[in-house]
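Note sheet for the following structure.
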Amino acid sequence: MTDKPKATNGLTYAEAGVDIDAGNRLVDMIKPMVRATARPGADAEIGGFGGLFDLKAAGFKDPVLVAANDGVGTKIKIAIEAGRHDTIGIDLVAMCVNDLVVQGAEPLFFLDYFATGKLAPAAAAEVVKGIAAGCREAGCALIGGETAEMPGLYASGDYDLAGFAVGAAERGTLLPRPDVTSGDIVLGLGSSGVHSNGYSLVRKIAAVSGLGWDASAPFAPGRTLGEALLTPTRIYVKSVLAAHRSTGAIKALAHITGGGFVDNIPRVLPDGFGVAVDLAAVPMPPVFGWLAKTGGLVQSEMVRTFNCGIGMVVVTAPAEAERVAAALTAAGETVVRLGEVVPAAAEPRVTFAGALSL
């Protein structure tokens, strides 16, 4: 009879690369940030198995819920490589809540998903700080989220983000309205820059330029390239909702994300209609000129990949255009007249006149 082998110490979760204590530290670090997003309907307390929202306490009588989810794409790589994590969370919120407001919905609450190979609580807390800031700007509560530590799936230092937002609108106020028609005026709201789309191309252009993220940005004096390219996505929620509610004259809204004018505007138009856009009216932030010149991008590539300076499009009747533009301007937006709705029986449904100021 042989002796049994002596027992050895068993493996631990931490030895496999997952640090539960680090996750608990992160929760403790972010609780004050999350509480700061509280609003009527939600106390923004985290730590339970689910988040609650009271629609009645938020003032809704006959609401329709609207949901959206999105990520930030490879803009995250710039945040990681530049070591700047405090604004990427604003992008995450913006990409979701801007998709809610185009349907006439008020964002109510937000949940985030943060995945990484090895959790660095300080960096993760900076990300959540940005998420909380975005939620406050959009007027929604951060009611929960998930942090996943997955060694072997993500490279050291890498992380990814996903966001989930839910909003509501009173029945009968949802957009787009069915009465969008030929001759309606198309307004554009200025963007803060590249927002969060096209960053695989942005990063390739940056590599072609030979500049590091800590180099001076050629298009933004006094800022590094990384800092300038991480300018967060503009959140249009409060200004657009204010104009929508005060005028009752907005027929449709389009969030200009990946696909630019070409792919996003037709999503809110009835069949048989398109838009004629005057590109000379587009106010181009300097970053787009630098991207076009350094990357040798033609105009058709620019308008299909980037927002080119217009982050949101508004459709309204000709008689209401000045009133809607005034309401949006009063709410802090830069408003330009982009063009008008036209008949479009076939593709392309978005046509262009003039040229971008590249």
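The values are calculated or read from the model by the stated rules, or taken from the named source; none is laboratory data. Note that the structure is a prediction, hence the values are computed from the model and not measured. Don't worry about glycine lacking a Cβ; one is built from the backbone with ideal geometry, like all the others, and counts go over all protein chains shown. Please note that ligands, DNA and RNA were not included when accessible areas were found on the heavy atoms of the full protein model with its side chains. Shrake-Rupley method; radii C 1.70, N 1.55, O 1.52, S 1.80 Å.
For the reader, a short list of remarks on this structure follows.
- Selection status of VAL194, farther than 20 Å from VAL314 by Cα, in contact with a helix residue (DSSP H, G or I) (Cβ under 8 Å, 6 or more places away or on another chain) and in contact (Cβ under 8 Å) with a residue 24 or more places away in the chain: no
- Residues in the range 148-171 that are in contact with a strand residue (DSSP E or B) (Cβ under 8 Å, 6 or more places away or on another chain), free of Cβ contacts under 8 Å to residues at least 60 places away in the same chain and not hydrophobic (A, V, I, L, M, F, W, C): TYR154 only.
- Selection from the range 231-256 of residues that are in a loop (DSSP other than H, G, I, E, B) and in contact with a helix residue (DSSP H, G or I) (Cβ under 6 Å, 6 or more places away or on another chain): PRO232, THR233, ILE235, TYR236, ALA249, ILE256
- Considering (1) at pLDDT below 95; (2) crowded, with 17+ Cβ neighbours inside 10 Å; (3) not hydrophobic (A, V, I, L, M, F, W, C), the lone condition that PRO283 does not fulfil carries the number (2).
- ARG25 passes every criterion in (1) free of Cβ contacts under 8 Å to residues at least 24 places away in the same chain; (2) closer than 13 Å to THR147 by Cα apart from (1).
- Members of the range 263-280 found to be in a loop (DSSP other than H, G, I, E, B) and crowded, with 18+ Cβ neighbours inside 10 Å, listed by number: LEU269
- ALA353 touching a helix residue (DSSP H, G or I) at 6+ places or on another chain (Cβ under 8 Å) and under 25 Å from GLY193 (Cα atoms): yes
- Screening MET95 against (1) assigned to a loop (DSSP other than H, G, I, E, B); (2) in contact (Cβ under 8 Å) with a residue 24 or more places away in the chain leaves a single unmet condition, (1).
- Residue count for the range 309-318, restricted to those that are part of a helix (DSSP H, G or I) and within 28 Å of the chain's Cα centre (by Cα): 0
- Tally, over the range 32-41, of residues that are at pLDDT 85 or above and either open to solvent by 60 Å² or more (accessible area, probe 1.4 Å) or on the phi > 0 side of the Ramachandran plot (or both): 3
- With respect to the conditions (1) touching a strand residue (DSSP E or B) at 6+ places or on another chain (Cβ under 7 Å); (2) on the phi < 0 side of the Ramachandran plot; (3) assigned to a loop (DSSP other than H, G, I, E, B), ALA44 lacks only one, and its number is (2).
- Some residue of the range 3-19 being open to solvent by 30 Å² or more (accessible area, probe 1.4 Å) and either within 24 Å of LEU142 (Cβ to Cβ) or touching a Leu at 6+ places or on another chain (Cβ under 7 Å) (or both): yes
- Taken together, the residues in the range 123-147 that are free of Cβ contacts under 8 Å to residues at least 40 places away in the same chain and hydrophobic (A, V, I, L, M, F, W, C) amount to 1.
- Positions within the range 79-96 being under 16 Å from the mean Cα position of the chain (by Cα) and open to solvent by less than 50 Å² (accessible area, probe 1.4 Å), in sequence order: ALA79, HIS85, THR87, ILE88, GLY89, ILE90, ASP91, LEU92, VAL93, ALA94, MET95, CYS96
- Sole residue being under 30 Å from ASP271 (Cβ atoms), of a type outside the set (A, V, I, L, M, F, W, C), open to solvent by less than 60 Å² (accessible area, probe 1.4 Å) and assigned to a strand (DSSP E or B), chosen from GLY183, GLY188, GLY145: GLY188
- Check on THR257, open to solvent by 10 Å² or more (accessible area, probe 1.4 Å), of a type in the set (Ser, Thr, Tyr) and over 22 Å from GLU301 (Cα atoms): no
- Residue count for the range 319-357 satisfying the condition of being open to solvent by 50 Å² or more (accessible area, probe 1.4 Å), touching a residue at least 24 places away in the same chain (Cβ under 8 Å), farther than 19 Å from VAL282 by Cα and not in a helix (DSSP H, G or I): 3.
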